[in-house]
Amino acid sequence: MFLSLKDLHQELPAVITTSVGDLSDLIASLGFPIDDVAEGEHGPVLEVDITANRGDVMSHRGLARDLAAKLGKELSTVDLDPLEEGEPLVQVRLEADACALYSTAVLTLGALQSTPEDVKKFLASLGSGSKDLAAVDASNELLHRYGHPTHAFDADKLRGGIVIRYGRAGEKIVTLDGVERSLTDKDLVIADDSGPIALAGLMGGENTKVGVDTRRVLLESAWFEPRVVRAMARRHGLHTDASHRFGRGADPSMARIARDLLAARLKAWAGASLDGAWTEGQEPAVAKPISLTKELLHRIAGEPLSIEDAAAILRRLGCLVEANHLSLRAVPPSWRHDLSLSEDLAEEVLRLRGYDLIPSTLPPVKADPEPLAKDYQKRHSTARRLASLGFFQTVTLGFISPEADAEFAGTPAAGRILGNPLGYEYSVLRGSLLPSLKHAAEHNLRQGAREVRLFEIAPTFHTTSDGPEEHSTLSLVWAGETGGLDPITPKGPVLPAALQGVLAALGVPGAKAEVQTLGGGLLAAEVAMADIPDPSERVIPNFRGFSRFPSVERDLSLVVPFELSFGRLAEAIHGALAGTPLHTLTCVDIYRGKGLPEGHQAWLLRLIFQGDRTLLGDEVDGWVDLALDAARSQKAELRG
Amino acid sequence: MTLPDSNALSLLPDDMAEACERFPAALSACASLDELNRLKGVYTGRDGSLSARMMESLKSSPKEQKRDLGAAINTLKKTWEEGLKARLTELESEKKRLDSVKNAWDATLPPPMPPAGALHPLNRLMDRLVDVFRPLGYHVEEGPEVETEEHNFDGLNIPEDHPARGTADTFYLEQHSKLLLRTHTSPVQVRVLKRLAPELEAKGGIRFLAPGRVYRKDEIDPTHSPMFHQVEGMLVGKGIGMHHLKGTLAYAMKALFGPNADVRFRPSYFPFVEPGCEMDVHCPLCGGSGCRVCKGSGWVEILGAGLIHPNVLRIAGIDPEIWSGFAFGMGVERTAMMVSQTPDLRLFFENDQRFLKAMGGLD
């Protein structure tokens, strides 16, 4: 909300000498931070951030009232010339509960009209220029100065009586912004015999618009149910100064006053004369009293504040307060719809005292602290492990395009589709992290990265009949050229085996550690976090004995057909050597060059034996022979 | 080198005398053991060497000269042997020195570095917040990203017609109109409160942090993203007031920004707390003297907080007459941008390794 300092001073003369900076701090301390201060022709204008619960401070008078309560100062008096009410000149019927009160007046305008210069400057400083129509400018000025929205219809364009009712299916209205709007039975409208002439609390209609030719005006100053106005504003995407104020709750006691002030301005600015004034309905019921005990105030404030002081603060805010030394009962003023609980009153007391006076201490809590959850710890340690293995953690959006999803996700996208996405390319909750990682990897390669190592740990979404199920997932992408950055480490392409090694280091079981090639030299893997072993329950596992006797190492150079996998060969050897102290069987070299029979390669196997005694050369030779027999059974031969 | 009487040497044939004179230069010219061995052969070898030939010539020299000449030849030979030995020692130690230089690593060359990746800066900040709150007994609670209206809105006292519930602000699922992408980490509060309500008396209270990803329907621009991160904190106990919230957050900010971090609280409004507040910290960049980041005010807004609204406790099945507590929530991107002065939010989601390397690490 824009706030002209000059006009704030007019409402609260006590702050005339307060500097802009101090005043900004003061307003912020009440809960309304200042976003900006601009210096204009009309003096400084503050942009004030008003919280959604405080419609009552959305005007110069309203904010001045909160400041006055804070400072214990008086607001300036407003000259009021209440109109004498009489019989309705036009029939007004309130058919909907959402309009409790409708105050109106009909005036005939004089031949000449002009908006005073200072009012034009005031409106201009708030970014709302003069329309050079007294009724429109006066209504705008009143809204910004006193907070109550009003409206003027061209009385000669009205057809018959006025009714405040809900819209009917098929009805339409062209609002003042020139937009034709279809109405529903949730739209509160002002209608005459011809149909809707205004959207209540939002905007008037084009058909009864006040113009330069308007001779007679019918003023509207009403109170509309905030909930209904908010819903209409949202439904029509029409957020106006009026809807902001009615939507947050206008002050019903202001309806007549605003009408009178508007009429007085028309008399002064346009030589208008009153034809008649009347009001239908009545103010909604007075708010219920709220109690606040000394005990609750003490608990919330953190110190034993006196109920008398609290009562005094609430009275300054306009509450009617009865108090004894243990508790108080307060009836909020008509403009404070936000107050309904004891806690609300406590907040008001603290707010006006200043939050900076609240003491500061750590809370006493009896509950035992809890350890961090296993899943959280696992994600955390996996991320740290990968970062120390040279991978960069990424953060990517949870939704992707249907095509990207279909390429990698295991399940159909139905059930994971957003009803209102930002766009088609963000419309599916991803079933795999790989499309996002691939995109990030390609970005890095395009930017000239020699080597790309990325990972992400995030949920992937999986369709079920009850909605998407979330699985914590790890994905990795590795691409480019590795090594070659120092005089020692040779450079070379990234190999799938290296990524497999990373997965193995994380404890991913072999069967789940599938390395995919995504094209463009990108290697990738995706595993469920559930497939990575949980951190151990125990800091140190059970003691397992180990042999202190020397191990014996034997190498076996074999020529093997390409069809034979190491896994199968190892299985055969382990089978043959079951019961022997074979400790490790591994392959330490692969040769695929010249000198081998067609369709064969050479493997250098290493067998390490270790027992609980010193092993003899002869017995080890015997086991190696068994291993060789087992290898031969798999069509491997000793390399000559 | 002690040289013999030149008169005696003048008795030698010319070529031998010249060779004798050349010896010192030849010796110092030897740069390797091979060369030295060759020189040794030429001067002192058993057969055909200079010394052997000189001994041969002694036989045929006049008798009266024999004594002097013999002594001179012996001296010469001894001198050569000493010279060769000294040079050998020199060359050997030079070879040793070279060998050791050859095997030594020039410490000013780039060493092979172990691979260095990094955690994402947003994760690092969230991890740090967890670290900050662990000593106060907070653990981590998490919840799903696809949530129900019940947890995301109803349980948080957010009115039926609150704009945040609209499809303009919140992503809903096409086939499940009651399911949405959580708009804040606060539904974790609702879940935890409901889960622990029956055992609250036995437990004595609740304390946790809830870091996580949240979604709002904002277009991607330098300060907005449809997905971002929050860290939520909550404490429930008996007799909890604003002073406890203040004490907790003041401690946390000092732990996060250093012992001089000053905080200030302003009233604010969120439907799930009452009283509500926002907290500013002294601008981490200028320390409070005023700069571009804090728009000259010396303060930057860092989080929203308040005492848990009695309705939130009641909806979860907790009696607000007995239990009270506070909650706070911080925008991770916003804070990360502020402390790092990252100019554009999109950098956090672009995942350029240069950015991740510069902003990341392991802590």
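Nothing in this text is a laboratory measurement; each read-out follows from the coordinates by a stated rule. For clarity, every value in this text was computed on a predicted model and none was experimentally measured. Backbone-built Cβ (ideal geometry, glycine too); neighbour counts: all protein chains shown.
Write down, largest first, the equivalent ellipsoid semi-axes of chain B in whole Å, where each equals the square root of 5 times an eigenvalue of the alpha-carbon gyration tensor.
So the three semi-axes of chain B are 96, 20, 19 Å.
What is the sum of charges around A:Leu422, taking Lys and Arg as +1, Asp and Glu as -1, for the other residues whose C-beta is under 13 Å from the C-beta of A:Leu422?
-3
Rounded, prolate or oblate: pick one for segment B:118-203, where a ≥ b ≥ c are the square roots of the eigenvalues of its C-alpha gyration tensor, a/c under 1.5 means rounded, and failing that, prolate if a/b is larger than b/c, else oblate. Walk me through the numbers before you get to the answer.
Details: a/c = 2.49, a/b = 1.33, b/c = 1.87.
Because a/c hits 1.5 or more and a/b fails to exceed b/c, segment B:118-203 counts as oblate.
At 0.36 nm per residue, and after removing the present C-alpha to C-alpha distance, how many nm does the segment from A:Asp375 to A:Glu206 gain when stretched out fully?
Gain on extension, A:Asp375 to A:Glu206, equals 54.7 nm.
Give me log10 I(q)/I(0) at q = 0.19, 0.20, 0.24, 0.25 Å⁻¹ for segment B:12-103, Debye formula, one equal scatterer per alpha-carbon, no solvent.
-0.86, -0.93, -1.20, -1.27
Angle between the Cα long axis of helix B:242-257 and the longest principal axis of chain B, 0 to 90 degrees, nearest 10?
Around 20 degrees separate the two axes.
Quick check: the angle from helix B:50-59's long axis to the longest principal axis of chain B, C-alpha only, nearest 10 degrees?
Computed tilt is about 10 degrees.
Extending each Cα 7 Å along its Cβ direction at B:Ile220 and A:Leu274, get the distance between those two points in nm, one decimal.
Placing both labels 7 Å beyond Cα along the Cβ direction yields 6.2 nm.
Residue separation times 0.36 nm, minus the C-alpha to C-alpha distance between A:Asp534 and A:Arg353: what's the value?
59.9 nm
Quick one: compute the contact order of segment A:552-638, relative version, from alpha carbon pairs under 8 angstrom and 6+ residues apart, as a percent.
Reported relative contact order: 47 percent.
Can you work out ³J(HN,Hα) from phi for every residue in segment B:64-76, in order, using Karplus 6.51 cos²θ - 1.76 cosθ + 1.60 and θ = phi - 60°, giving whole Hz and x for Gly and Pro?
Calculated HN-Hα couplings, in order: 5, 8, 4, 5, 5, 5, x, 4, 5, 5, 4, 4, 4 Hz.
Kindly list the residues of segment A:586-623 that lie in the label zone of A:Arg568, defined by a backbone N under 19 Å from the point 7 Å along the Cα-to-C-beta vector.
Correct set: A:586-587, A:591, A:597-605.
Before anything else, pin down the relative contact order of chain A: Cα pairs under 8 Å, at least 6 apart, normalised by residue count, whole percent.
Details: 1189 pairs, mean separation 59.3, N = 640.
The value is 9 percent.
Using the Karplus curve 6.51 cos²θ - 1.76 cosθ + 1.60 with θ = phi - 60°, what ³J(HN,Hα) values do you get for each residue of segment A:90-103, in whole Hz, with x for Gly and Pro?
Listing the rounded values in order: 10, 5, 10, 10, 9, 9, 10, 4, 5, 10, 8, 8, 9, 9 Hz.
Name all residues of segment B:252-276 having a backbone nitrogen under 13 Å from the label point set 7 Å from the Cα of B:Asp131 along its Cα→Cβ direction, giving them as ranges.
Residues B:255-258 qualify, since their backbone N sits under 13 Å from the label point.
If the limit is 30 Å between Cα atoms, which of B:Lys40/B:Lys102; B:Lys254/B:Lys295; A:Lys73/A:Lys121; A:Lys70/A:Lys294; A:Lys594/B:Lys96 go over it?
A:Lys594/B:Lys96
Under a 5 Å amide H to amide H cut-off, with H placed in plane at 1.01 Å, what residues pair with A:Phe2 once short-range neighbours are removed?
Those qualifying (amide H under 5 Å, at least 5 residues apart or on another chain) are A:Val48.
Loop-only check: which GluC sites (Glu not before Pro) in segment B:256-363 are DSSP coil with at most 10 other Cβ within 10 angstrom?
Passing sites in segment B:256-363 are B:Glu321.
So, R0 is 30 Å and r is the distance between the beta-carbons of B:Arg67 and B:Asn37; what FRET efficiency does that work out to, to 0.05?
Working from the Cβ atoms, E equals 0.35.
Mind listing the lone cysteines of the protein assembly as shown, meaning no other Cys beta-carbon sits under 4.7 Å from theirs?
By the Cβ distance rule, which asks for a partner under 4.7 Å, the isolated cysteines are A:Cys99, A:Cys319, A:Cys587, B:Cys20, B:Cys30, B:Cys277.
Going by a ≥ b ≥ c, the root eigenvalues of the Cα gyration tensor, does segment A:463-511 fall in the rounded group (a/c under 1.5), the prolate group (a/b larger than b/c) or the oblate group?
prolate
For chain B, what relative contact order do you get, as a whole percent, if you take Cα pairs closer than 8 Å and at least 6 residues apart?
Numbers: 535 pairs, mean separation 55.3, N = 363.
Relative contact order for chain B comes out at 15 percent.
Rounded if a/c is under 1.5, else prolate if a/b beats b/c, else oblate: with a ≥ b ≥ c from the C-alpha gyration tensor eigenvalues square-rooted, which is segment A:108-158? Walk me through the intermediate numbers first.
Working: a/c = 2.45, a/b = 1.42, b/c = 1.73.
Oblate is the answer for segment A:108-158, as a/c is 1.5 or above yet b/c matches or exceeds a/b.
Please sort by residue number the trypsin sites (Lys or Arg not before Pro) in segment A:325-380 whose DSSP state is loop and whose Cβ has at most 14 other Cβ atoms within 10 Å.
Answer in residue order: A:Lys366.
Expected output is a single nm value to one decimal: the length gained when fully extending between A:His439 and A:Thr293, i.e. 0.36 nm times separation in residues minus the C-alpha distance. What is it?
46.6 nm
Once both axes come from the Cα atoms, what is the angle between helix B:186-196 and the longest principal axis of chain B, in degrees from 0 to 90, rounded to 10?
Orientation of helix B:186-196: about 80 degrees from the principal axis.
A:Pro284: net charge of surrounding residues, Cβ under 10 Å, Lys/Arg +1, Asp/Glu -1, itself excluded?
-3
Only sites in a loop by DSSP and with at most 15 other Cβ atoms within 10 Å count here; which trypsin sites (Lys or Arg not before Pro) in segment A:542-616 make the cut? All intermediate terms of the calculation are to be shown ahead of the outcome.
Details: sites: A:Arg544, A:Arg548, A:Arg554, A:Arg568, A:Arg592, A:Lys594, A:Arg606, A:Arg613; in loops: A:Arg544, A:Arg548, A:Arg592, A:Lys594, A:Arg613.
Here the trypsin sites (Lys or Arg not before Pro) that fit, given the DSSP loop and packing criteria, are A:Arg544, A:Arg548, A:Arg592, A:Lys594, A:Arg613.
From the backbone phi of segment B:258-266, what are the Karplus-calculated ³J(HN,Hα) couplings (6.51 cos²θ - 1.76 cosθ + 1.60, θ = phi - 60°) in whole Hz, Gly and Pro given as x?
x, x, 8, 5, 9, 10, 9, 10, 10
Could you work out how far apart the two model spin labels at B:Ser289 and A:Asn542 are, taking each label as a point 7 Å from the Cα in the direction of the beta carbon, and quote it in nm?
6.5
For every other residue with a beta carbon closer than 12 angstrom to the beta carbon of A:Asp79, add +1 if it is Lys or Arg and -1 if Asp or Glu, then tell me the sum.
Local net charge: -1.
With each label point set 7 Å from Cα along the Cα-Cβ vector, what nm distance links A:Lys366 and A:Arg235?
5.2
Going by C-beta contacts inside 10 Å, put A:Trp278, A:Trp603 in order with the fewest on the left.
A:Trp278, A:Trp603
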